[in-house]
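Chemist: Following this message is one structure expressed as structure tokens.
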2 protein chains.
Amino acid sequence: MSSKSPLYRKVAGDLRTAIAAGEYGSGARLPAEDELARRYGVSRGTVRQALAALRADGLVTSRRGARRVVLGGAARLQSFAELRSFSRWARSLGEEPGGRTVAVDPARATEEEAHHLQVPQGARVFRVRRVRTLSGAPVMVERTTYPERIGELVAALPVDAVSHSEQLELHGVLFTDAHHTIDVVPADRDDAGLLNCPAGQALLRERRRSTDPAGTPVEWSEDRYLPGTVAFTVHNSTATSALGRRLGED
Amino acid sequence: MSSKSPLYRKVAGDLRTAIAAGEYGSGARLPAEDELARRYGVSRGTVRQALAALRADGLVTSRRGARRVVLGGAARLQSFAELRSFSRWARSLGEEPGGRTVAVDPARATEEEAHHLQVPQGARVFRVRRVRTLSGAPVMVERTTYPERIGELVAALPVDAVSHSEQLELHGVLFTDAHHTIDVVPADRDDAGLLNCPAGQALLRERRRSTDPAGTPVEWSEDRYLPGTVAFTVHNSTATSALGRRLGED
DNA sequence: GTACAACAGTTGTCCGTACAACTTGGAGCT
DNA sequence: AGCTCCAAGTTGTACGGACAACTGTTGTAC
């Protein structure tokens, strides 16, 4: 059966599970690259590629001259797939994801939408509003705008489809990059009704712009979470910087 | 004069400025790796290392078979240094950072602090409370716990020192990795007094654990921002995943 | 015209080598 | 004991080559 996944991925996966299994406790030093290369029967370059992946996930440090050290605490970091899909994320935690599509509206792109989706202003887009639940309780309201091509696929989905992203994947729509902005906003009347909370309630807001492998925007979304239900975690290092802080001009 | 920075960094920097200068507009395709290698007189491997950095910053996509595409919109992403230091970040935006140290207390590590700093419970630590301002207006309250070694350095700083992190750097204390958790909490009495806002006001909370190159924790901090003042931005992709979502158990 | 097939172009993976830069621990000296 | 200094160990950087896998385009056949 053997998979078609590249060698360095297998090595990375193996090391990941070894760390998760506690073979290398927090603060422990990993074997040297040469040693790992020998052990797995691969070249040092391949080992380095695997270790770069672990470092990007914040699992290990690395510095010249010394062996790599396992970083404790970071613990479990979701994969990109789990982050992209609310459903997948929830299921991986043993929670039962639910969703109710409130509205699917064909519309004309506003200036903001046009900018983020890189389409001309006034172009045809689809606006989708959904309420997401964990084990039945509403947790998040999701307002997504899709360009026409993608929106048509979404509009064709049944209203009770739990995971839109998984359905889109089946149609060959891939999400590979996303840019997120996280801040706080008060709930408006609409949020309050959908989330069953008082208007003005502070919500954790995540705005997201996702693109496909070719760099074409495929969604522009604004999600609002009830406080206390989820938190966002980020790891960054001098090696791979992905997090930033921004003035909140809105 | 020439610097001691590695080759691939110069290439990456050059490409970054070229993109920023609009030489490759949003959606444009970068030259092929071979072409860049020829142009810079370096090997393809070095070019790939440079491009990997750009990809990690979310500046370009990359997929097998097709040339790399410049991702628009992501725009300016702060460097790790700017994220680490409130002062540096503020100054890079033309704002005047300020700070007031409210208290520096030697203390015994609580269970939580001990866990995050990887010291025995009850070990000597220093708790520092500061109010941070932008152009005079209070924006954030920062509650940081340092292990004894670092805390002693901080305690010796003048109360009106604007940037603690820059001072620590001068003493050879390096921060290379950080793990962040972002969510929302209501302001307690203390926050309200320091930030001059009503108690119960929702604040954007960032909890942070920073480590040095050896993987030793050097700070554990909880920062609370007034809403509307800052937002956090994150880029992630299937290639480098650093962002995650967490159940908010606290 | 439309669909299919071949082809050139491009990035991903993997190997090998060599040297530079840095850390660590121990030997040896005071 | 404490200090300096050295040597071994380890990661970072850079080169080179080869092939696999995929994309976009071109051109052919129907």
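Chemist: Taking a temperature of 37 °C and a viscosity of 0.692 mPa s, what whole-number D in µm²/s does Stokes-Einstein yield for chain B with Rh from Kirkwood over alpha carbon pairs?
Modeler: Result for D is 160 µm²/s.
Chemist: When only the heavy atoms of the protein chains count and the probe is 1.4 Å, how do B:Leu93, B:Leu117 rank by accessible area, highest first?
Modeler: On the way: B:Leu93 80, B:Leu117 5 Å².
Result of the area sort, largest leading: B:Leu93, B:Leu117.
Chemist: Okay, next question. Using the 7 Å Cα-to-Cβ label point, sort the distances from B:Ser26 to its equivalents in the other copies shortest first and give them in nm to one decimal.
Modeler: 4.2
Chemist: Sorted from largest down, give the three principal axis spans of the alpha carbons of the protein assembly as shown, whole angstrom values.
Modeler: Cα extents, longest axis first: 63, 59, 47 Å.
Chemist: Provide the gained length on full extension for the span B:Ala123 to B:Arg63, in nm with one decimal, where the gain is 0.36 nm per separating residue minus the Cα-Cα distance.
Modeler: Taking B:Ala123 through B:Arg63 to full extension adds about 16.6 nm, to one decimal.
Chemist: Compute the Rg to Rh ratio over the stretch A:170-211 from the alpha carbon atoms, using the Kirkwood formula for Rh, and round to two decimal places. Present the calculation step by step, with values, prior to reporting the outcome.
Modeler: Working: Rg = 14.5 Å, Rh = 12.2 Å.
Reported Rg/Rh, Kirkwood definition of Rh: 1.19.
Chemist: With an 8 Å cut-off on Cα pairs and a minimum separation of 6 or more residues, tell me the relative contact order of chain B in percent.
Modeler: RCO, chain B: 14 percent.
Chemist: Sticking with this structure for a sec: Using a 1.4 Å probe on protein heavy atoms only, how many Å² of accessible area do A and B hide from each other, summed over both chains and rounded to 100?
Modeler: 6000
Chemist: No solvent, one uniform scatterer per C-alpha: report log10 I(q)/I(0) for the stretch A:80-225 via the Debye equation at q = 0.12, 0.16, 0.19 1/Å, two decimals.
Modeler: -0.47, -0.88, -1.26
Chemist: For the protein assembly as shown, what is the calculated [θ] at 222 nm in deg cm²/dmol (nearest 500), taking -39500 (n - 2.57) for each run of four or more DSSP H residues and dividing by its residue count? Don't skip to the answer; put the middle values down first.
Modeler: Working: 18 runs with 152 residues, N = 500.
Computed ellipticity for the protein assembly as shown at 222 nm equals -8500 deg cm²/dmol.
Chemist: Using a Gaussian network model of chain A with C-alpha springs under 10 Å, which one of A:Gly27, A:Gly136, A:Gly65 is most mobile by mean-square fluctuation?
Modeler: Result: A:Gly65 has the largest fluctuation of those listed.
Chemist: Would you kindly compute the Cα radius of gyration of the stretch A:154-224 and its largest Cα-Cα separation (Dmax), both in Å?
Modeler: Rg then Dmax for the stretch A:154-224, in Å: 14.9, 42.
Chemist: Right, here's the next one. Take the Cα atoms of the stretch A:1-77, find their three principal axes, and give me the spread along each one in whole Å, biggest first.
Modeler: Largest to smallest, the principal-axis extents are 35, 28, 20 Å.
Chemist: Quick one: Karplus J couplings for the stretch B:123-138, per residue in order, coefficients 6.51, -1.76, 1.60, θ = phi - 60°, nearest Hz, x for Gly and Pro?
Modeler: Whole-Hz 3J(HN,Hα) from phi for the stretch B:123-138: 5, 6, 9, 10, 9, 10, 10, 9, 10, 10, 10, 10, 6, x, 8, x.
Chemist: Taking a label point 7 Å from Cα toward Cβ, how far is B:Glu152 from its twins in the other copies, in nm, shortest first?
Modeler: Distances between equivalent label points, in nm: 7.1.
Chemist: Mind listing the long-range amide H neighbours of B:Val60? Cut-off is under 5 Å, sequence gap 5 or more, other chains count too, H placed in the peptide plane at 1.01 Å from N.
Modeler: B:Arg55, B:Leu71
Chemist: How many percent of the accessible area of chain B is carbon or sulfur, using a 1.4 Å probe?
Modeler: Heavy-atom surface of chain B belonging to carbon and sulfur, 1.4 Å probe: 49 percent.
Chemist: Identify, for chain B, the residue whose C-beta comes nearest the rotation axis onto chain A, and round that distance to whole Å.
Modeler: Residue with the nearest Cβ, plus whole-Å distance, for chain B: B:Ala202, 1.
Chemist: Let me ask something else about it. In nm, one decimal, shortest first: how far is the label point of A:Asp190 (7 Å from Cα along Cα to beta carbon) from the matching points in the other copies?
Modeler: Result for A:Asp190, in nm, nearest copy first: 3.9.
Chemist: A follow-up question, please. Quickly work out the B:Leu93-to-A:Arg29 label distance, labels modelled 7 Å from Cα along the C-beta direction, and quote it in nm with one decimal.
Modeler: 4.2
Chemist: While we're on this one: Can you give the average number of partner chain beta-carbon atoms within 10 Å of each beta-carbon in peptide B:56-64, as a whole number?
Modeler: 4
Chemist: What's the FRET efficiency of A:Asp190 with B:Glu152 using the Cβ-Cβ distance as r and R₀ = 60 Å, to the nearest 0.05?
Modeler: E between A:Asp190 and B:Glu152, to the nearest 0.05, is 0.70.
The values are calculated or read from the model by the stated rules, or taken from the named source; none is laboratory data. Computed from a predicted structure; not experimentally measured. With ideal geometry, Cβ positions are generated from the backbone for all residues, glycine too; neighbour counts draw on all protein chains shown. Note: areas computed on protein heavy atoms with side chains; ligands, DNA, RNA excluded. Shrake-Rupley method; radii C 1.70, N 1.55, O 1.52, S 1.80 Å.
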